[in-house]
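J.: My questions will all concern the structure given below.
The values are calculated or read from the model by the stated rules, or taken from the named source; none is laboratory data. It should be emphasised that the depicted structure is a prediction, and the values quoted were computed from it without experimental measurement. Cβ: placed from backbone, ideal geometry, glycine included. Neighbour counts: every protein chain shown.
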Amino acid sequence: KPLVGNLIGEDHVNYVLMYNMLTGIRIAVSRCQAKIRRPLSDEDFTACHKYSFDIIGNELTPSAKYDFKFKDYAPWVFRELREDYFHLDPADYLLSLTAKYILSELGSPGKSGSFFYFSRDYRFIIKTIHRNEHKFFRKILPRYYAHIKTNPHTLLSRFYGLHRVKLPHGRKIHFVIMNNLFPAHKDVHETFDLKGSTVGREYPEDKAAQNPRAVLKDLNWISRRKTLELGPEKRALLTEQLGRDSELLKSLNVMDYSLLVGIHSMRRGNRDNVRSNTLKLFSPEVPVLRRKQTGKGPKSPDAIAIRRIMRESDLQPVGAGSFKLPEEDTGERQHFVFYQDDGGLRATDDANKDLDTIYYLGVIDIFTPYTSFKKLEHLWKGMQADRHKISPVPPVEYADRFFSFMKAIMRGGGGGERFKSE
Ligand code: ATP
Ligand code: CA
Ligand code: CA
């Protein structure tokens with residue numbers, strides 16, 4: 001499955017949904033953003049702001065192309081997360097997500113049926129999630145928030161918003177907005193989705209040879225004899241943070257998450273230009289949106305920019321042409337230890353000197369509680385293979401195995417071999 005999406009035009013099956021999502025975000029986020037900041041209260045974590053859109057419009061919502069309802073969950077909490085801990089500039093955020101042009105679609109890469117959409121500048125991902133994941137996220141939001149606050153350098157997905165669109169015939173679509181771990185300006189030459197489980201965790205190597213964008217798994221990592229090349233300094237930092245993050249996941253009683261690893265080889269550089277080449281085929285001739293440097297930390301909302309965004313009531317369908325992606329990494333990533341080197345983590349040798357590889361790392365897909373369904377899957381898969389090596393194991397075991405595997409695959413960690421079953 002490709003890592004690069006297709007731009008969505010008016011004829012696309014998900015055009016209306018996309019339009020509604022973006023319109024909802026634009027209005028809801030700018031409404032919240034326009035108010036004066038105040039300290040969070042407990043109610044902010046359970047809050048839900050409702051909007052109703054139609055072609056006529058009212059004082060709260062401008063007219064829209066379609067009828068739909070929109071819910072914005074815990075808007076004040078996400079606002080604080082974005083501004084204080086994720087270092088996003090509010091106007092910037094809205095521009096990336098909702099300025100005139102429609103996102104590209106990654107389709108449904110996982111088995112879960114979730115859909116993924118990129119913002120046009122590739123910085124953000126919209127992921128549709130199951131109602132249960134949504135409920136779960138709302139339940140644990142106070143703990144997620146507390147973790148982010150005390151772990152500014154976390155490797156966990158950074159969630160910027162939680163929303164719901166309801167279509168007129170009643171279909172409800174829940175979605176989150178999160179950081180795209182992979183940069184727009186660098187080719188990712190190899191991608192791995194690692195869990196520390198080895199049963200069935202293999203992407204067929206013959207197919208991988210033909211598909212440079214394949215998402216490889218644990219067994220591919222082991223058979224390709226890969227190592228996370230990190231010197232003592234970065235290794236210690238990464239281990240510490242991964243340990244803390246997996247402790248949180250353990251206590252949330254979740255499992256099935258993975259460490260996504262994108263590898264950029266500086267020797268190969270960007271000559272394959274995987275992303276931008278593909279995008280050129282589908283995208284419109286548009287100027288790159290002005291983006292302010294956000295290096296100096298969060299700014300107060302730029303009222304003029306926000307008002308302008310609110311006025312832009314229509315998304316434009318796309319045609320053919322070229323589409324320029326940002327050439328270098330700007331913005332929030334420089335605030336985070338593991339995303340500082342060209343948006344990622346540069347490999348180092350034993351003397352902590354730079355090597356020619358950049359890693360793009362993060363813990364993704366973190367909202368799967370160990371429910372009765374997973375318990376059954378555990379029993380079933382466990383009858384056919386080693387009960388401890390399959391992917392659905394209970395959360396404590398999952399987290400410990402995950403953490404040991406990640407330590408093992410770092411240089412000097414002994415490798416992932418011993419996680420394999422006979
Ligand atoms: P399943 O539950 O079957 O594993 P899912 O639909 O929950 O699938 P994820 O595991 O969240 O999907 O993600 C699937 C793939 O999408 C990942 O392996 C990765 O290639 C890509 N992906 C997911 N999140 C990100 C992200 N934040 N940045 C970059 N790529 C991502
Ligand atoms: Ca997954
Ligand atoms: Ca999932």
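J.: Kindly evaluate VAL176 against the criterion of being part of a strand (DSSP E or B), more than 19 Å from the chain's Cα centre (by Cα) and either buried (at least 19 other Cβ atoms within 10 Å of the Cβ) or within 12 Å of ligand 1 (Cβ to nearest atom) (or both).
T.: When the stated conditions are applied, VAL176 does not pass them.
J.: Consider the range 370-422. How many of its residues are small (Gly, Ala, Ser), in contact with a Ser or Thr (Cβ under 7 Å, 6 or more places away or on another chain) and in a loop (DSSP other than H, G, I, E, B)? Walk me through how you get there before you give the answer.
T.: So in the range 370-422, the residues small (Gly, Ala, Ser) come out as 372, 382, 385, 391, 399, 404, 408, 412-416, 421.
Now restrict to residues that are in contact with a Ser or Thr (Cβ under 7 Å, 6 or more places away or on another chain): 385, 391, 399, 421.
From what is left, the residues that are in a loop (DSSP other than H, G, I, E, B) are 385, 391, 421.
Matching residues across the range 370-422 total 3.
J.: Does SER96 satisfy the criteria of being among the hydroxyl-bearing types (Ser, Thr, Tyr), under 26 Å from HIS153 (Cβ atoms), modelled with pLDDT of 85 or more and under 18 Å from the mean Cα position of the chain (by Cα)? Break it down into steps so the answer makes sense when it comes.
T.: Numbers: among the hydroxyl-bearing types (Ser, Thr, Tyr): yes; under 26 Å from HIS153 (Cβ atoms): yes; modelled with pLDDT of 85 or more: yes; under 18 Å from the mean Cα position of the chain (by Cα): yes.
It is true that SER96 is among the hydroxyl-bearing types (Ser, Thr, Tyr), under 26 Å from HIS153 (Cβ atoms), modelled with pLDDT of 85 or more and under 18 Å from the mean Cα position of the chain (by Cα).
J.: I need every pair where a residue in the range 184-197 that is closer than 19 Å to SER258 by Cβ and modelled with pLDDT under 90 has its Cβ under 9 Å from the Cβ of a residue that is within 12 Å of ligand 1 (Cβ to nearest atom) and among the basic types (Lys, Arg), sequence separation at least 6 or different chains.
T.: Hits for this filter: zero, empty list.
J.: Is it true that some residue in the range 235-258 is within 20 Å of LYS420 (Cα to Cα), more than 14 Å from ligand 1 (Cβ to nearest atom) and of a type in the set (Lys, Arg)? Spell out how you get there, then give the answer.
T.: Initially, the range 235-258 is screened for residues within 20 Å of LYS420 (Cα to Cα), giving 255-258.
After this cut, where a residue has to be more than 14 Å from ligand 1 (Cβ to nearest atom) as well, the list is none.
Within the range 235-258 (the criterion being within 20 Å of LYS420 (Cα to Cα), more than 14 Å from ligand 1 (Cβ to nearest atom) and of a type in the set (Lys, Arg)), the answer is no, since none of the residues qualifies.
J.: When the range 214-224 is examined, which residues are found to be touching a residue at least 60 places away in the same chain (Cβ under 8 Å) and away from ligand 1 (no atom under 16 Å from the Cβ)?
T.: ILE222
J.: Quick one: how many residues across the range 333-371 are under 30 Å from ASN253 (Cα atoms), within 16 Å of ligand 1 (Cβ to nearest atom) and not β-branched (Val, Ile, Thr)? Even if it seems obvious, please write down each step before you answer.
T.: The initial filter retains those residues of the range 333-371 that are under 30 Å from ASN253 (Cα atoms), namely 333, 335-339, 344-345, 359-371.
If we keep only those that are within 16 Å of ligand 1 (Cβ to nearest atom) as well, we get 333, 336, 338-339, 344-345, 359-371.
Next, from what is left, pick out any that are not β-branched (Val, Ile, Thr): 333, 336, 338-339, 344-345, 359-362, 365, 367, 369-370.
So the answer is 14.
J.: Scan the range 92-106 and tell me whether some residue there is within 15 Å of ligand 3 (Cβ to nearest atom) and more than 22 Å from SER246 (Cβ to Cβ).
T.: Within the range 92-106, one or more residues are within 15 Å of ligand 3 (Cβ to nearest atom) and more than 22 Å from SER246 (Cβ to Cβ).
J.: So, one more: Looking only at the range 336-369, how many residues end up being within 15 Å of ligand 2 (Cβ to nearest atom) and not in a strand (DSSP E or B)?
T.: Count: 4.
J.: Now for a different question. State yes or no: is PRO142 out of contact with any His (no Cβ under 9 Å at 6 or more places or on another chain), assigned to a helix (DSSP H, G or I), away from ligand 2 (no atom under 16 Å from the Cβ) and touching a residue at least 12 places away in the same chain (Cβ under 8 Å)?
T.: Working: out of contact with any His (no Cβ under 9 Å at 6 or more places or on another chain): yes; assigned to a helix (DSSP H, G or I): yes; away from ligand 2 (no atom under 16 Å from the Cβ): yes; touching a residue at least 12 places away in the same chain (Cβ under 8 Å): yes.
So PRO142 passes the test.
J.: Going through the range 104-160 one residue at a time, which ones are more than 13 Å from ligand 1 (Cβ to nearest atom), at pLDDT below 95 and out of contact with any helix residue (DSSP H, G or I) (no Cβ under 8 Å at 6 or more places or on another chain)?
T.: Correct list: ARG131 only.
J.: I would also like to ask the following. Anything in the range 121-137 that is exposed (fewer than 15 other Cβ atoms within 10 Å of the Cβ) and part of a helix (DSSP H, G or I)? List them, or say none.
T.: Listed by number, the residues that qualify are ARG131, ASN132, LYS135.
J.: When you scan the range 194-240, how many residues do you find that are surrounded by fewer than 20 Cβ atoms within 10 Å (Cβ to Cβ), part of a helix (DSSP H, G or I), of a type in the set (D, E, K, R) and within 25 Å of the chain's Cα centre (by Cα)?
T.: Number of matching residues: 1.
J.: Which one is nearest to ligand 3 (Cβ to nearest atom), of the residues in the range 358-388 that are over 20 Å from ARG131 (Cα atoms) and touching a Phe, Trp or Tyr at 6+ places or on another chain (Cβ under 7 Å)?
T.: VAL363
J.: Given HIS163, HIS147, which one is touching a residue at least 60 places away in the same chain (Cβ under 8 Å) and closer than 30 Å to HIS264 by Cα?
T.: Numbers: HIS163 fails: closer than 30 Å to HIS264 by Cα.
Step by step, each of HIS163, HIS147 is checked, and only HIS147 is touching a residue at least 60 places away in the same chain (Cβ under 8 Å) and closer than 30 Å to HIS264 by Cα.
J.: Take HIS130 and decide whether it is within 14 Å of ligand 3 (Cβ to nearest atom) and either within 17 Å of the chain's Cα centre (by Cα) or without any contact (Cβ under 8 Å) to a residue 60 or more places away in the chain (or both).
T.: yes
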